[in-house]
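Below you'll find the structure, written out as C-alpha cells, and then a few comments.
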Amino acid sequence: MLITGAAGFLGSHLCDYFLARDWRVLGIDSLLTGAAGNLAHLGGDRRFRFLRQDVARPFVVDDPVDLILHFACPASPRDYLRYPIHTLKVDSVGALRTLGLAKARQA
C-alpha cells in the first residue's frame, strides 16, 4: 500500500496502523511540513519504505500498490499562509497524480 503525506500526523499513524497488521507500506512525503521524526521508529522495519517526493511533481512508484491513501497536504493555517500556491498544487495536481497511479495500478 502507498500512503502520501506519510510523515504528517495522520499519515504517520496510518503507517503504524497498517504495519501493525503486517502490510507492506510505501510512505511518500516531501517533508515540507511533515516530520521525518514521525517515521524514525520505522527505519528498521523491512516492510516499510520511505520515498521523499513531492506528489505535485511527477513520480514513479515501482513497488506493488493495491491500496492508496492520499493525505499529502501542508495542512495547517500557518502552512497555508506560508505555502499558498504549493498547498493548492499538492491538493489538486498531487491528487490528480495520485489518482492516475491508482488507476494505472487498479488500486
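The values are calculated or read from the model by the stated rules, or taken from the named source; none is laboratory data. Please read these numbers as outputs of a predicted model, since none were measured by experiment. Positions of Cβ are backbone-derived with ideal geometry, glycine not excepted, and every protein chain shown enters the neighbour counts.
Go over the candidates G27, G5, G11 one by one and state the one that is closer than 17 Å to T87 by Cα, out of contact with any His (no Cβ under 8 Å at 6 or more places or on another chain) and modelled with pLDDT of 95 or more.
Being closer than 17 Å to T87 by Cα, out of contact with any His (no Cβ under 8 Å at 6 or more places or on another chain) and modelled with pLDDT of 95 or more holds for just one of G27, G5, G11, which is G11.
Tally up the residues in the stretch 30-54 that are closer than 19 Å to Y83 by Cα and touching a Phe, Trp or Tyr at 6+ places or on another chain (Cβ under 6 Å), please.
Of the residues in that region, 1 qualify.
Would you mind telling me which numbered condition in (1) over 13 Å from A6 (Cβ atoms); (2) crowded, with 18+ Cβ neighbours inside 10 Å F50 fails?
(1)
Taking only pairs six or more apart or across chains, which ones have beta-carbon atoms under 9 Å, a first residue in the stretch 78-93 that is closer than 23 Å to F59 by Cα and modelled with pLDDT of 90 or more, and a second residue that is charged (D, E, K, R) and crowded, with 16+ Cβ neighbours inside 10 Å?
H86/D54; K89/D54; V90/D54
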